[in-house]
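See below for the structure under consideration.
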Amino acid sequence: MSADASNFPFVYDLDMKRAAYLALGLCVSLLLPTCAFAMGSGDKYSDLQTGVTYVVYKPSNTLKLPPLNFEVRPCRLFPKKDAALLAGFGGMDHGIALVETAAAFNCTGVDHPVALPGVMINGIKAQVGIYCGSSKCKSSEFSHYGGEISFIAPGTKSLKATYIRVGTQGGFTLAQLIAFATGLKPVGSK
């Protein structure tokens, strides 16, 4: 006696159900959006842009400092929100740090440097702070103590605004940090 599908009708029904579920699953998977965090373009900044809803900025003037690190971290202050970018240039003792996150929810928290007069970065009013223990710090001491520039870059039609902080622990002048910040360009722009 041969064991083909005609002798076992339930086998045929089971195979048809499997095929129907497989076809339905394939159709649904093609229709649902997928998360493409890193597309493998070779450019980490462009790859990050595919996975976040804010504009990602890439440095065009790193003051000839070599890249130290590039990290994408989950939003620790606002779980389930866009990840934050942390990138370093130079070295651990003499370098510049770049932080980018969605402006609507700053994932990295707020530093509390002593405020200095603000500056303009690509037409945007930016706050400047110096990392010193006294409220009487001067701009001329910036390279000794280090500090930061922070600002909110506007969004586009399809991407949200970006909170940007560029900082150093010392060894760089305020003019150098301004040059670094001014050199930040939205991914995809020339």
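What follows draws every value from the coordinates through simple rules; no lab data is involved. Note that the coordinates shown come from a computational prediction; the quantities given were computed from them, not determined experimentally. Glycine gets a Cβ as well: all are built from the backbone with ideal geometry, and neighbour counts include every protein chain shown.
On full extension of the chain, what length is gained from ALA115 through LEU63, given 0.36 nm per residue of separation minus the C-alpha to C-alpha distance?
16.3 nm
Each label point is 7 Å from the Cα along the Cα-to-Cβ direction; what then is the distance between the points at ALA179 and ILE124, in nm?
2.1 nm
Can you give the relative contact order of the range 64-190 as a percent, counting alpha carbon pairs under 8 Å and 6+ residues apart?
Here the relative contact order equals 20 percent.
What fraction of the Cα pairs in the range 53-186, stated in percent, has a spacing above 19 angstrom?
In whole percent, the share of Cα-Cα pairs in the range 53-186 beyond 19 Å is 48.
How far is it, in nm, from the label point at LYS160 to the one at PHE78 when both lie 7 Å from their Cα along the line to the Cβ?
0.5 nm
Between GLN169 and THR50, how high is the FRET efficiency from 1/(1 + (r/R0)^6) when r is the Cβ-Cβ distance and R₀ = 30 Å? Nearest 0.05.
0.40
Residue separation times 0.36 nm, minus the C-alpha to C-alpha distance between ASP43 and SER134: what's the value?
This chain segment gains 28.6 nm when fully extended.
Which of LYS58/LYS80; LYS125/LYS185; LYS81/LYS160; LYS64/LYS185; LYS80/LYS157 have a Cα-Cα distance over 19 Å?
LYS58/LYS80; LYS80/LYS157
Could you tell me what percent of the DSSP beta bridges with both partners in the range 39-190 are antiparallel, to the nearest 5?
Rounded to the nearest five, the antiparallel share is 100 percent.
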